[in-house]
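**Student:** Quick one: structure below, then a few questions.
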Amino acid sequence: MGAADLQYLLWLVGIATCVKVLLVPAYHSTDFEVHRHWLAITHSLPLKEWYSDESSQWTLDYPPFFAFFERFLAIFASWFDPQIVDLVNGQNYAVRSVVLFQRGTVMAADLVLYWGLWEIGSGLSRMRRRILYLVVIFSPGLLIVDHIHFQYNGFLFGILFLSLAAMRDGNDLLGGIYFAALVCFKHLFAIAGPIYFVYILRHYCKGPQKIARFCIMASAVISIVALAFGPFLYHGQMPQLMKRLFPFGRGLCHAYWAPNVWALYSTGDKSATVVMRKLFGVYIDRPKAGLTGGLVGDFTPYAVFPQITPIVSAILVIGSMMPCLVQAWRKPVPNAFIRWVVYTFTCGFMFGWHVHEKASLHMVIPFSVLAVERLEDARAFLFLSVVSTYSLFPLLFESKEYPIKVTLLLLYALVIWLNFSQLFGTSTKDSGDLKAKAASNTELNVQETVKPLIGPVEGAYLGGIMVIEIYGQCFHPLFFGGSFPFVPLMLTSVYCALGMTYYWLDQLHMVLSS
Amino acid sequence: MLEFAKEARIWRMAEEDETTVRHAYKESPSWSWPATTSMQRKFSFGAICGFALLLRMMLSLQPYSGAGVAPKYGDYEAQRHWMEITVHTPVKEWYVNTTNNDLRYWGLDYPPLTAYQSWIHGRIIHALEPAAVALNTSRGHEDARSKFLMRWTVLSSDILVFFPAALAFVSLYYKLAIFEEQAWALSMILLQPALILIDHGHFQFNCISLGLAAGAAAAVVSRHELVACVLYSLSLNHKQMSAYYAPAFFAHLLGRCIQRRSPVFGVVKLGIMVLTTFTICWWPFLSSRHSALQVLNRLAPFERGLYEDYVANFWCGTSMLIKWKQLFSVPVLARLALGATITAALPSMVQQIRAPSARGFLLAMLNSSFAFYFFSFQVHEKSVLLPLLPATLLALEEPGLLQWLVPYAVVSMLPLLRRDDLVLPYFALLALFFLLLKCPRHFEYKIAEDKLIKIFRAPILRNCSLAGAAILHLLYFYVQPPPRYSFLFEAFITSYCFAHFLVLFIYANCKQWYVPGDGQWVSSSKKIN
């Protein structure tokens, strides 16, 4: 960890920032207005009204630390252009100054990500660390979600990295504090709560002073939570806050099905309905707007398959986590912790209630730390990052960003393939490029032994992505014109869900065998 | 001679391998560009091209020249209008004032290849979005879809012409360089900010004419002189500005012919290639003397004055001291400009006729295009792209030149880019260029270690120059100029850039004479070391 590494990190950061600046005029989603409105809420209203304000449909529904963060940004926003923080006149205000300001805050917030990367990289060898920087900073998922679509995920992953780095180095108290803070920023990260709890209980709270240690940890975490929620508790806003944070009115699947088991389940239900009707003449009382329901509206009850309630979903999430929880209970070793956290995020994504496709970043970004360490993980990472990025494609539906997202994905896959194949000395082709081998004898010994980065199954699957994309872009409009616009989306979702399931099973195997 | 050059290069490479490169790898065995196998190398070139493409795509999101500025708009509208005219009117009328083709509204003023290119692009857009190129009714047509299509006409031209030319040049001229050097040279050519800003931001098709010129240069350095003639003629037929390179091509090819056993036969062969290419390009307009002259007349806009807006050339750069435009009439100025241009280009021509060499040729390209940029008539600020191309082609040989020329070339276009609302990408690409210069690499610029380059390396000089540029930027963006001189800061920027260019021009001329012919310079640089 010398000056040279810092220089290298800053160099990459500089290049990434230039790229982000060029993306300023790109499409931004309604999330842009959401965050602008939150600036206005936190700036114009007293704290006790933050979570009860309804002056716009974009009500504040992130935990208090994030609200404080918005309050902090609002100070600069009011200097930059007072209309940004105007509760009424600022609504749908999207002129150049707001775009510049908000995009700028995302780039500036990413500094936390770079800090986190620096910390987590300190435990790796020099080459792996540098590849890790590259892999995370240029992650197309982060670029698409944060710098085009518009969200603040980068700095949250920075905090996660800080926490993971502390845990890996054995500093459980600090790791726990960072994690508590992270959850107070965005409660979606709470999905890793169980593994943190079990691990800390077994790894930190042991030995002769285990009760004391438990108390220290508990008081640290509680004071963080109190810092976040205390002011709202004082104003009697807790019930309202909780209602905002956990809106159970929402359905199992988001408007665009996240590629998880529920996408497969829903597809199974739809097909079963059709099969029943066609084969057996059983007409099932389909709920209104059955097929499009999952995409346009919110929650549609299933016609054939049993209904899924939040409890079922929660049980499945916890159930699928059990292997790693049991392992953490039995043998709490710091080395395996990052893998367990990534695995719990995977479970949350696969079985969670109302999961967004963006949540796949939660498993991809931390997984990159594992990917630079072991060939098996590098292979899984290459596969996962392509699937996850591809599943984010529907977020950017305008044609002007289309070439950018495709190039981002291909370029990223190419660059990490180059880096990983260099790092692990793998060959590109399993069959072997005889000419290339003959050309340079020195390469021979490396090429023979190791497994390729992309195996036949993965290769075939990734090729399939291309087929799906070409169908959605060319053949579908050609055959059906403008009708059934949801079919390509559904195909994308279901196909990616297959890939995600494959990845999840692979990770389950890894967790069980480690 | 060629064998000499190759040997010298091989020898140099071998030496470099043993000293700097291996040493560097030993020092930091941890990280290098990840490419050891031939396939990884190919893919690495692909990655560089991919990144260059990504930057261009992101530039396409930005505004273009004259966006939403009725009634005349800007270069975007000019290109769109040419597509409209070429698609809907017969070839004979393209350069003629007719009821459907009002030459006062962005009349076609580039040679026929541009017209054909507009026709092809116009056909494509006509098939996809007819309203965008509809005759007469489409003036000022701007919407998201047509912008996307128009942007793609430039992107595809870049991919089809400039990228292959850059790859060909690197693989031919830097054949004997190590992989990392080649990769760096390629990225300097493809990631040069000025070209990206003008083509994909401002909106023009310089990638075609410059790509053809780069292809011609690749053919010259690899001794495929007939191919070079064809490619260069095509470049000239796409944009007449490529004539900036004419002295270099002429002198170098003449010099090569003189060295042969039968010089006349060589010259005739090349002449036939040039004439054939020109005849094919001009075929539809050669039916009569009149129609050919009409096209020619469109290409030489003498009524438009000595220079346009703010150009960092001699006439504009010194206009604060001498009011050229007021002192002389247009015909006198035109003659003055011609004389000055020829005088400035002469030294490098003489050098190439006497001792033609690959490296000397590229320097001559730089010098002659600089001469034209400084002194010729009707120069645009965008014409700085012409001296930039040979400077990027020489990236490995003349890194000092590149480091100084590229930033100031970009700065010299700041007034134009500010008008186009491209300030943000201007800073982003400029920063990116400086970062790329700092790219972690395992090779040293060995060749650059001579007396002359030491001047460029002096930190005090660089810091002063950069500080001056920073102050100019601050003034330009934050200070209101006095009302009497509302374009004072533009003039400052112009003069400041011109001063830098002039030094670089003198340096490049010295360099060209300092390097007498192929193969000898290695030993001379060795002595200095």
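**Student:** Check the range B:156-176 and report whether any residue there is more than 29 Å from B:Trp283 (Cβ to Cβ), in contact with a Lys or Arg (Cβ under 6 Å, 6 or more places away or on another chain) and within 14 Å of chain A (Cβ to nearest Cβ).
**Tutor:** The answer is no, given that none of the residues of the range B:156-176 is more than 29 Å from B:Trp283 (Cβ to Cβ), in contact with a Lys or Arg (Cβ under 6 Å, 6 or more places away or on another chain) and within 14 Å of chain A (Cβ to nearest Cβ).
**Student:** Next question. Keeping to the range B:178-203, report how many residues are touching a Lys or Arg at 6+ places or on another chain (Cβ under 7 Å) and of a type outside the set (Val, Ile, Thr).
**Tutor:** Our first condition is that a residue be touching a Lys or Arg at 6+ places or on another chain (Cβ under 7 Å); within the range B:178-203, this holds for B:179-180, B:184, B:196, B:198, B:200.
If we keep only those that are of a type outside the set (Val, Ile, Thr) too, we end up with B:179-180, B:184, B:200.
Of the residues in that region, 4 qualify.
**Student:** So which of A:Gln91, A:Gln102 is out of contact with any Gly (no Cβ under 8 Å at 6 or more places or on another chain), among the polar types (S, T, N, Q) and crowded, with 17+ Cβ neighbours inside 10 Å?
**Tutor:** Exactly one residue qualifies, and that residue is A:Gln102.
**Student:** Given the criterion under 30 Å from A:Lys48 (Cα atoms) and in contact with a helix residue (DSSP H, G or I) (Cβ under 7 Å, 6 or more places away or on another chain), identify the matching residue among A:Gly170, A:Gly158, A:Gly230. Full working, then the answer.
**Tutor:** Values: A:Gly170 fails: under 30 Å from A:Lys48 (Cα atoms); A:Gly230 fails: in contact with a helix residue (DSSP H, G or I) (Cβ under 7 Å, 6 or more places away or on another chain).
Answer to the check: A:Gly158.
**Student:** Restrict the check to the range A:45-52 and report whether at least one residue is within 14 Å of chain B (Cβ to nearest Cβ) and either part of a helix (DSSP H, G or I) or within 30 Å of A:Ile416 (Cα to Cα) (or both).
**Tutor:** Pass one, the range A:45-52, residues within 14 Å of chain B (Cβ to nearest Cβ): none.
No, every residue in the range A:45-52 fails to be within 14 Å of chain B (Cβ to nearest Cβ) and either part of a helix (DSSP H, G or I) or within 30 Å of A:Ile416 (Cα to Cα) (or both).
**Student:** Scan the range A:1-42 for residues that are away from chain B (no Cβ under 12 Å), touching a residue at least 40 places away in the same chain (Cβ under 8 Å), part of a helix (DSSP H, G or I) and under 23 Å from A:Val112 (Cα atoms) and report the count.
**Tutor:** 6
**Student:** Using beta carbons and a limit of 7 Å, which pairs, at least six apart or on different chains, have the first residue in the range A:301-325 and more than 15 Å from A:His354 (Cβ to Cβ) and the second one among the small types (Gly, Ala, Ser) and part of a helix (DSSP H, G or I)?
**Tutor:** Going by the 7 Å Cβ cut-off, the qualifying pairs are A:Ala303/A:Gly290; A:Val304/A:Ala272; A:Phe305/A:Gly268; A:Phe305/A:Ala272.
**Student:** Residue pairs, Cβ under 6 Å, 6 or more apart or interchain, first in the range B:53-72 and away from every other protein chain (no Cβ under 12 Å), second of a type outside the set (A, V, I, L, M) and in a loop (DSSP other than H, G, I, E, B). List them.
**Tutor:** Partner pairs satisfying both residue conditions: B:Ser65/B:Gly74; B:Ser65/B:Asp420; B:Gly66/B:Tyr73; B:Gly66/B:Gly74; B:Ala70/B:Gly140.
**Student:** Another one. How about the range A:475-514: which of its residues are not aromatic (Phe, Trp, Tyr) and not in a helix (DSSP H, G or I)?
**Tutor:** Initially, the range A:475-514 is screened for residues not aromatic (Phe, Trp, Tyr), giving A:476-478, A:481-483, A:485, A:487-494, A:496-501, A:505-514.
Across the range A:475-514, the qualifying residues are A:Gly481, A:Gly482, A:Ser483, A:Pro485, A:Ser514.
**Student:** Separate question: Of all helices (runs of 4 or more DSSP H) completely enclosed by the range A:180-293, which ones contain at least 2 residues that are at pLDDT 90 or above and hydroxyl-bearing (Ser, Thr, Tyr)? Lay out the reasoning, then the answer.
**Tutor:** Working: elements: A:193-199, A:210-234, A:238-245, A:261-280.
By residue number, A:193-199, A:210-234.
Quick grid of which residues meet (1) surrounded by 23 or more Cβ atoms within 10 Å (Cβ to Cβ); (2) touching a Phe, Trp or Tyr at 6+ places or on another chain (Cβ under 6 Å); (3) within 14 Å of chain B (Cβ to nearest Cβ); (4) farther than 29 Å from A:Leu382 by Cβ:
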{"residue": "A:Met107", "(1), (2), (3), (4)": "no, no, yes, no"}
{"residue": "A:Ala165", "(1), (2), (3), (4)": "yes, no, no, no"}
{"residue": "A:Leu174", "(1), (2), (3), (4)": "no, no, no, yes"}
{"residue": "A:His203", "(1), (2), (3), (4)": "no, no, no, yes"}
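**Student:** Can you find a residue that is buried (at least 17 other Cβ atoms within 10 Å of the Cβ), at pLDDT 50 or above and within 8 Å of chain B (Cβ to nearest Cβ) anywhere in the range A:428-440?
**Tutor:** Within the range A:428-440, none of the residues are buried (at least 17 other Cβ atoms within 10 Å of the Cβ), at pLDDT 50 or above and within 8 Å of chain B (Cβ to nearest Cβ).
**Student:** Could you please tell me which pairs satisfy a Cβ distance under 7 Å, a separation of 6+ or placement on different chains, a first residue in the range B:147-161 that is over 9 Å from B:Arg56 (Cβ atoms), and a second residue that is charged (D, E, K, R) and assigned to a helix (DSSP H, G or I)?
**Tutor:** B:Phe148/A:Lys400; B:Met150/B:Arg80
**Student:** Which is under 15 Å from B:Ala52 (Cβ atoms) and assigned to a helix (DSSP H, G or I), of B:Leu172, B:Leu167?
**Tutor:** Numbers: B:Leu172 fails: under 15 Å from B:Ala52 (Cβ atoms).
Of the residues listed, the single one that is under 15 Å from B:Ala52 (Cβ atoms) and assigned to a helix (DSSP H, G or I) is B:Leu167.
**Student:** Return the residues of the range B:475-502 that are under 14 Å from B:Leu414 (Cα atoms) and not in a helix (DSSP H, G or I); say none if nothing qualifies.
**Tutor:** Matches in the range B:475-502: B:Phe487 only.
**Student:** Take the conditions in a helix (DSSP H, G or I), modelled with pLDDT of 80 or more and under 30 Å from B:Gln182 (Cα atoms) and apply them to B:Leu466. Does it pass? Lay out the reasoning, then the answer.
**Tutor:** On the way: in a helix (DSSP H, G or I): yes; modelled with pLDDT of 80 or more: yes; under 30 Å from B:Gln182 (Cα atoms): yes.
In short, yes.
**Student:** List the residue pairs whose Cβ atoms are under 7 Å apart, where the first residue sits in the range B:284-303 and is in contact (Cβ under 8 Å) with a residue 24 or more places away in the chain, the second is aromatic (Phe, Trp, Tyr) and in a helix (DSSP H, G or I), and the two are 6 or more positions apart or on different chains.
**Tutor:** B:Ser291/B:Phe285; B:Val295/B:Phe285
**Student:** On to the next question. For the range A:299-346, which residues satisfy the criterion of being buried (at least 20 other Cβ atoms within 10 Å of the Cβ), hydrophobic (A, V, I, L, M, F, W, C) and not in a helix (DSSP H, G or I)?
**Tutor:** Hit for the range A:299-346 is A:Ile308, nothing else.
**Student:** Turning to a different aspect of this structure: Consider only pairs whose beta carbons are under 6 Å apart and that are at least six residues apart or on different chains; among these, list those whose first residue lies in the range A:466-485 and is closer than 21 Å to A:Tyr390 by Cβ and whose second residue is in a helix (DSSP H, G or I).
**Tutor:** Cβ pairs passing all conditions: A:Ile468/A:Leu491; A:Ile468/A:Tyr495; A:Gly472/A:Pro488; A:His476/A:Pro488.
**Student:** So, one more: Hey, can you tell me all the residues within the range B:114-155 that are more than 25 Å from B:Thr99 (Cα to Cα), more than 11 Å from chain A (Cβ to nearest Cβ) and not acidic (Asp, Glu)? Break it down into steps so the answer makes sense when it comes.
**Tutor:** Step one: of the range B:114-155, the residues more than 25 Å from B:Thr99 (Cα to Cα) are B:128, B:143-155.
From what's left, more than 11 Å from chain A (Cβ to nearest Cβ): B:128, B:143, B:146, B:150, B:153-154.
Listed by number, the residues that qualify are B:Leu128, B:Ser146, B:Met150, B:Thr153, B:Val154.
**Student:** Can you pull out the residues in the range A:109-151 that are of a type in the set (Phe, Trp, Tyr) and within 14 Å of chain B (Cβ to nearest Cβ)? Break it down stepwise before answering.
**Tutor:** Within the range A:109-151, the first condition is being of a type in the set (Phe, Trp, Tyr), and the residues that meet it are A:114-115, A:118, A:133, A:138, A:150.
Matches in the range A:109-151: A:Tyr133, A:Phe138.
**Student:** Continuing with the same structure: Would you check which residues across the range B:74-90 are closer than 20 Å to B:Pro284 by Cβ and surrounded by 15 or more Cβ atoms within 10 Å (Cβ to Cβ) and list them? Spell out how you get there, then give the answer.
**Tutor:** Narrowing the range B:74-90 to residues closer than 20 Å to B:Pro284 by Cβ: B:81-90.
Once the filter is applied, which keeps residues that are closer than 20 Å to B:Pro284 by Cβ and surrounded by 15 or more Cβ atoms within 10 Å (Cβ to Cβ), the range B:74-90 yields B:His81, B:Trp82, B:Met83, B:Glu84, B:Ile85, B:Thr86, B:Val87, B:His88, B:Thr89.
**Student:** How about the range A:388-406: which of its residues are among the aromatic types (Phe, Trp, Tyr), within 13 Å of chain B (Cβ to nearest Cβ) and either assigned to a helix (DSSP H, G or I) or farther than 27 Å from B:Thr153 by Cβ (or both)?
**Tutor:** Going residue by residue through the range A:388-406, those that are among the aromatic types (Phe, Trp, Tyr) are A:390, A:393, A:397, A:402.
Remaining after also requiring within 13 Å of chain B (Cβ to nearest Cβ): A:397, A:402.
Scanning the range A:388-406 gives a single hit, A:Tyr402.
**Student:** Also, quick follow-up: Considering only the range A:110-128, how many residues are buried (at least 24 other Cβ atoms within 10 Å of the Cβ) and either free of Cβ contacts under 8 Å to residues at least 12 places away in the same chain or of a type in the set (Lys, Arg) (or both)? Walk me through it before giving the result.
**Tutor:** We begin by selecting, within the range A:110-128, every residue buried (at least 24 other Cβ atoms within 10 Å of the Cβ); these are A:110, A:113, A:116-117, A:120-121.
Filter once more, so that each one left must be either free of Cβ contacts under 8 Å to residues at least 12 places away in the same chain or of a type in the set (Lys, Arg) (or both): none.
Counting residues in the range A:110-128 that are buried (at least 24 other Cβ atoms within 10 Å of the Cβ) and either free of Cβ contacts under 8 Å to residues at least 12 places away in the same chain or of a type in the set (Lys, Arg) (or both) gives 0.
The values are calculated or read from the model by the stated rules, or taken from the named source; none is laboratory data. Worth saying up front: this structure is predicted, and the values here are computed from it rather than measured. Every residue, glycine among them, receives a Cβ derived from its backbone with ideal geometry; neighbour counts consider all protein chains shown.
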